[in-house]
Amino acid sequence: MEFTIKTGSPEKLKTGTLVVGAFADAKLTDAAAALDKAVQGRLASVIQRGDLDEKAGSLVTLHDLPGTTCDRVLVVSLGKQADFAERAWRDAVAAVAKALSAGPAAEAAVCLADVEVSGRDIHWSLQQLARVLADSAYRYQTTKGRSRDDKRKGLRNVVLLTRRKTGAAMQAAAARGAAIAEGMALAKELGNLPANHCTPTHLAETARELGKSFKLKVEVLERAQMEKLGMNALLSVARGSHQPPKFIVLHYKGGKPKDAPVVLVGKGITFDTGGISLKPAAEMDEMKYDMCGAASVLGTFKALARMALPINVVGLIPTTENMPGGNASKPGDVVTSMSGQTIEILNTDAEGRLILCDALTYAERFKPACVIDIATLTGACIIALGKIPSGLLANDDALARELVDCGTASGDRVWQLPLWEEYQELLKSNFADMANIGGRFAGTITAACFLARYTKAYKWAHLDIAGTAWVSGDAKGATGRPVPLLSEFLIGRSEAAGQPA
Ligand code: BES
Ligand code: MN
Ligand code: ZN
């Protein structure tokens, strides 16, 4: 999707759909007021009659307004003016994006960037607008066969209208939004692909293609190399599968050669049956999404490379299926992880932490500025936090705060849970350094406690995206989260690196 930022009045724009915001209690935004004047007060009278609902994001479409040069005007409610805040603005933008993506126009002009959102500036508004509008264009098509929707035209060109003087920083903000949406589209596509298509080999090929398009160094370690490194925890998960496991390493070098990299580690279980500790049949299809951590790393790399951020980033993706089978790991098996610590596998369904722990040990060699792992790790996280924020646990409070702030700014929110030493006790094993499960209590925290034993050498944060990476039900599909959060984090880090000390 192409974005152009223009300065001007809405009524003079030739476009398919012209979008203006209005407060439901009849106070027009500046853009709406200018338009209202050109259409002799018809906009204000429609609102006064009560056609525009009080709920932010409600829509009214007006066709063929005399005095305008657009096909239709889409009025979006910003709610009551007194209640207006970031939430209402986001609801309005989301509703507009949905309507435009389903509507007939290939071109639209959106006048929402000038609406004042407390604590945010025009660059923030432009980035969010571009990201949400571009993201809404994503459709899954790949395996739909005859039900493919090839004729869909959809929105292609968007003018973001402002009364301010435009500048390079404003263009860059919109371009960042579009780049993040592109990263989200890749993450969604990989998440949505069925597990017979999206295998560890497919993830490795996707990484290699990314490498080719953006000149990134990409290495793919095979089973023999993992054996040599002693990644026995990772390999113990792969034992039941006929698909070869892969360990993918991506290098993005936008910073100075000596700058310590941010390392992103993504869980890449391309299908989680639970292994010998087999999951129940209901909704097991959704375990194709168990590689959404990996997908978010690949998506973030795409966004990062597109934005050409001046920062160094390493991506690590341990990827395998978790299958039962004659050779599969059994409850009670003990394995020695790459770190030398031994693990009693009491439940083969707690496999995510087994592949992550070896990747976290591998991360040490990069002497990272910080490490963030992203994983659909625990069902308990959905019980604790629902599907609104991702779970956040960290061994460094400043890093946790930074991620919370990036979550708020991007709308891709996280909520921190405690990682207190007291919880470590729950992982006690009679036969190894630790068990891979901690019992019924605090499942998200004990999973993070397990990982914390492998992250002592650096600043580390863990994102549990079990609740946020996909939606169930009628709208079943991957969300592309937390690509917006991670992208925001890397933008922040690269801006900080650009400042003189
Ligand atoms: N991939 C699952 C976590 C999950 C469950 C994500 C449901 C999304 C929805 C993970 O591998 C798993 O099975 N975790 C177990 C851990 C338990 C055995 C300690 C869980 O959450 O039940
Ligand atoms: Mn599992
Ligand atoms: Zn899993």
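Read the figures in this text as sums done on the coordinates, not as results from a lab. What you are looking at is a predicted structure, and each value in this text was computed from that prediction instead of being measured. Every residue, glycine among them, receives a Cβ derived from its backbone with ideal geometry; neighbour counts consider all protein chains shown.
Run lengths n ≥ 4 of DSSP H only: what is the helix-derived mean residue ellipticity at 222 nm for the chain, with -39500 (n - 2.57) per run over all residues, to the nearest 500? Provide the component values of the computation, followed by the final result.
Numbers: 14 runs with 176 residues, N = 501.
The helix contribution divided over the chain gives -11000 deg cm²/dmol.
Can you give the net charge of the other residues whose Cβ lies under 15 Å from the Cβ of PRO245, counting K and R as +1 and D and E as -1?
Details: positive: ARG223, LYS228, ARG239, LYS246, LYS267; negative: GLU205, GLU219, GLU222, GLU227, ASP272, ASP290, GLU321, GLU351, ASP358.
Spelling it out: positives minus negatives among the neighbours equals -4.
Return the aspartates and glutamates within reach of LYS37: Cα separation strictly under 12 angstrom, same-chain partners fewer than 8 residues apart disregarded; answer none if there are no such residues.
Cα-Cα hits under 12 Å: GLU11.
Taking the alpha-carbon distance from LYS428 and a cut-off under 26 Å, which lysines remain once sequence neighbours fewer than 8 residues away in the same chain are dropped?
Partners found: LYS267, LYS279, LYS330, LYS456, LYS459.
Which trypsin sites (Lys or Arg not before Pro) from region 153-236 combine a DSSP loop assignment with at most 16 other Cβ atoms within 10 Å? Don't jump to the answer; show the numbers that get you there.
Numbers: sites: LYS153, ARG156, ARG163, ARG164, LYS165, ARG176, LYS188, ARG208, LYS212, LYS215, LYS217, ARG223, LYS228; in loops: LYS153, ARG156, ARG163, ARG164, LYS165, LYS215.
Those satisfying the criteria are LYS153, ARG156, ARG163, ARG164, LYS165, LYS215.
How do HIS63, HIS251 line up, fewest other C-beta atoms within 10 Å first?
Working: HIS63 8, HIS251 16.
Taking fewest neighbouring Cβ atoms as first place, the list is HIS63, HIS251.
Kindly list the residues of region 1-41 that lie in the label zone of ASP83, defined by a backbone N under 11 Å from the point 7 Å along the Cα-to-C-beta vector.
It comes to 24-25, nothing else.
Between ASP396 and LYS258, what is the label-to-label distance in nm when each label sits 7 Å out along the Cα-to-Cβ direction?
1.9
Let me make sure I get this right: for region 122-161, a, b and c are the square roots of the gyration tensor eigenvalues over alpha carbons, sorted descending. Under 1.5 in a/c it's rounded, otherwise prolate if a/b > b/c, else oblate. Which is it? Spell out each step's value before the answer.
Working: a/c = 7.31, a/b = 2.54, b/c = 2.88.
Oblate shape, in that a/c is at least 1.5 and b/c is the bigger or equal ratio.
Between ARG156 and TRP415, how high is the FRET efficiency from 1/(1 + (r/R0)^6) when r is the Cβ-Cβ distance and R₀ = 51 Å? Nearest 0.05. Present the calculation step by step, with values, prior to reporting the outcome.
Working: r = 37 Å, r/R0 = 0.72.
So the FRET efficiency works out to roughly 0.90.
Using the 10 angstrom Cβ neighbour count as an exposure proxy, how do LEU216, LEU486 rank, fewest first?
Values: LEU216 20, LEU486 31.
By the 10 Å Cβ count, ascending, the order reads LEU216, LEU486.
Contact order normalised by length for region 228-336, with contacts defined as Cα pairs under 8 Å and 6 or more residues apart; what percent is it? Each step should come with its number before you reach the end.
On the way: 212 pairs, mean separation 53.8, N = 109.
This gives 49 percent for region 228-336.
Just how large is the dipole of region 23-83 about the Cα centre, in debye to the nearest 20, putting +1 at every Lys and Arg Cβ and -1 at every Asp and Glu Cβ? Let's see the in-between values first.
Working: 7 positive and 9 negative charges, 20 e Å.
Magnitude of the dipole: close to 100 debye.
Once you put a point 7 Å from the Cα of ILE388 and another 7 Å from the Cα of LEU278, both along the Cβ direction, what distance in nm separates them?
3.8
Could you list SER429, SER494, SER236 so that the one with the fewest beta carbons within 10 Å of its beta carbon is first and the one with the most is last? If you can, show how the numbers build up before the last one.
On the way: SER429 16, SER494 21, SER236 26.
Fewest-to-most Cβ neighbours within 10 Å comes out as SER429, SER494, SER236.
Evaluate E = 1/(1 + (r/R0)^6) for ALA172 and ASN430, where r is the Cβ-Cβ distance and R0 equals 51 Å; express this FRET efficiency to the nearest 0.05.
On the way: r = 58 Å, r/R0 = 1.13.
Plugging the Cβ-Cβ distance into 1/(1 + (r/R0)^6) gives 0.35.
Provide the FRET efficiency to the nearest 0.05 for the ARG49-ARG164 pair, computing r from the beta carbons and using R0 = 25 Å.
Numbers: r = 32 Å, r/R0 = 1.29.
Once rounded, the FRET efficiency stands at 0.20.
If Lys and Arg each add +1 and Asp and Glu each add -1, what is the summed charge of the other residues whose beta carbon sits under 13 Å from the beta carbon of ILE383?
Working: positive: LYS387, ARG440; negative: ASP464.
Local net charge: +1.
Give a quick list of trypsin sites (Lys or Arg not before Pro) in region 446-501 that DSSP marks as loop, anything other than H, G, I, E or B, with at most 14 other Cβ atoms within 10 Å.
Working: sites: ARG453, LYS456, LYS459, LYS476, ARG493; in loops: ARG453, LYS456, LYS459, LYS476.
Counting only loop positions with at most 14 other Cβ atoms within 10 Å, the trypsin sites (Lys or Arg not before Pro) in region 446-501 are LYS456, LYS476.
Treating the beta-carbon of each Lys and Arg as +1 and of each Asp and Glu as -1, no other charges, what is the dipole magnitude of the chain about its Cα centre, to the nearest 20 debye?
Working: 59 positive and 54 negative charges, 286 e Å.
That gives a dipole near 1380 debye.
Roughly what would the spin-label model give for ARG120 and ASP30, points 7 Å off Cα along C-beta, in nm?
Placing both labels 7 Å along Cα→Cβ, they lie 1.7 nm apart.
Would any residue of region 376-392 have its amide N under 20 Å from a label point 7 Å out along Cα→Cβ of PHE441? List them or say none.
Of the residues in region 376-392, 378-385 have backbone N under 20 Å from the label point off PHE441.
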